[in-house]
Amino acid sequence: MVNFDRFALGNGLKVLVHRDPSTPMAVVNVLYDVGARDEKEAQTGFAHLFEHLMFGGSVHIPDYDEPLQLAGGENNAYTTNDLTNYYCQIPAENLETAFWLESDRMMSLAFSKKSLDVQRKVVCEEFKEHYINKPYGDVWHIMRDLAYKVHPYKWMTIGKELSHIENAQLADVKNFFFKHYTPANAILVVAGNVDTEQVKKLAEKWFGDIPAGEKYHRNIVQEPVQQEERRMTLNRNVPMDAIYKTWHMASRFEDDYYTTDLLTDILGGGASSRLYQTLVKEKQLFAHINCYHFGSLDKGLFTVEGQLVKGVDMKLAEESIEMELNKVREQLIDERELQKVKNKTESVMAFEDMSVMNRAGSLAFYELLGDGNLMNEEFKKYQDVTTADLQRVAREVLKDTNSNTIWYKAN
């Protein structure tokens, strides 16, 4: 059980406090309710670009990292299609340093042509290195565009096209910032060797005077139900043939999300999973194979991907995947197999909660979902999943008319 207090400032900033006196450290986590799905299709990659710009200095603090490191702290951030999260860990006696740093860049990020030029170059190099020049690097750009026709999940967090970042102007960047990076659109979690009264005083002192901004209410066009199988064959200079298959699945807010999550573990969650045991170890068709999903807040993608053993026919390999999927559609999964993945899920969740930094990030995420206390209640949703649920979801999700397939062939 992760206990916490919750309060809000007058400007709408939500604040959660989790006390853990067993550590000498404190974590300050700021989650902004903005991700790549909130971008315009002609200007993508901005949320990720901002992740970089936020470390480029604010009006009063030209270098974010230096004062944090002098205070014994470390920091990082990540951006997804759904959210942007910044976090730092610092000795608890220096907690105010983290409040000073985070509040200053929320209130007065330094917008300069120089900073934009520097960070734009960094992001462009990242785009080229990981998505243009890397083997298999373009597959998710193509798969997302194949699977989504209207929803902004059809582009990746890095952006739809390199040119969108290359052509980003200072005015565009400022508009994006003032629309999304406001107290009304943020969740602050403070965890570790802290107490609520101390955090209240620091929050009021450092964040209380920041203008609220308007709470961003998104109006995203949801993807219609897919009614036809979609397929594509690519020829690339890669070492091995690969198959990528996706199916649309439940959103993070639906009960079927938990069923689908367990189903991916049964099919492809490690060396003891069905796909690995049958297609890698027994039939030796694949060098490796995985089944997973992205945990998307809106309806996401259930995914099977694998690289083939050299010389294996692509059609045979895909038929073998289908045979394994058909088993979960047609036969009830054994109770012991279901319990095994439930136990694994419980262990993973418990292990993640061991770190005060992870607990802070999780509290922010569950508060974004609607209530930080979901963190303490969520495992029951996994416990409630039945073998009949697994079969029903397998039949509803893993069907041809809901599928997207890429044959990624080595030249």
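Here are the numbers for the structure shown:
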read-out	value
Ranking of Ser22, Ser108, Ser103 by count of other Cβ atoms within 10 Å, fewest first	Ser22, Ser108, Ser103
Fraction of beta bridges assigned by DSSP in region 230-410 that are antiparallel (%, nearest 5)	75 percent
Cα-based radius of gyration of region 70-155 once divided by 2.2 N^0.38 Å, which approximates compact folds	1.49
Kirkwood-based Rg to Rh ratio, region 230-410, C-alpha trace	1.00
Residue among Ser296, Ala250, Asn404 farthest towards the positive dipole end of the chain, charges placed on Cβ	Asn404
GNM top mover of Val194, Val122, Val225 - the chain, alpha-carbon springs below 10 Å	Val225
Entries of Lys149/Lys409; Lys14/Lys205; Lys113/Lys154; Lys215/Lys380; Lys283/Lys327; Lys344/Lys409 with Cα pairs more than 26 Å apart	Lys113/Lys154; Lys215/Lys380; Lys344/Lys409
Percentage, to the nearest whole number, of Cα pairs in region 95-208 over 22 Å apart	55 percent
Estimated 222 nm signal from helices in the chain, with DSSP H stretches of n ≥ 4 weighted -39500 (n - 2.57), rounded to 500	-12000 deg cm²/dmol
Net charge dipole size for region 5-207 [Lys, Arg +1 and Asp, Glu -1 on Cβ; Debye, nearest 20]	600 debye
Only Lys, Arg (+1) and Asp, Glu (-1) charged, at Cβ; the chain dipole about Cα centre in debye	820 debye
Per principal axis, descending, Cα span of region 5-207 in whole Å	50, 34, 33
Convex hull volume per residue for the chain, taking Cα atoms only, in Å³	144 Å³
Least to most buried among Trp155, Trp206 (fewest other Cβ within 10 Å first)	Trp206, Trp155
Residue among Phe178, Phe99, Phe55 with the largest mean-square fluctuation in a Gaussian network model of the chain, springs linking Cα atoms under 10 Å	Phe178
Order of Asp20, Asp255 - criterion: other Cβ atoms within 10 Å of each residue's Cβ, fewest first	Asp255, Asp20
Degrees, to the nearest 10: 374-383 long Cα axis against longest axis of the chain	10 degrees
Point-charge dipole on Cβ atoms (K/R +1, D/E -1) for region 180-302, about Cα centre, debye to 20	420 debye
Cross-link partners of Lys281 among lysines (Cα-Cα below 17 Å; sequence separation of 8 or more within a chain)	Lys310
For the chain, built as a Gaussian network whose Cα springs stay under 10 Å, the top-fluctuating residue of Tyr216, Tyr258, Tyr153	Tyr216
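Where a number appears in this text, it was derived from the coordinates with a stated rule and is not lab data. Note that the coordinates shown come from a computational prediction; the quantities given were computed from them, not determined experimentally. With ideal geometry, Cβ positions are generated from the backbone for all residues, glycine too; neighbour counts draw on all protein chains shown.
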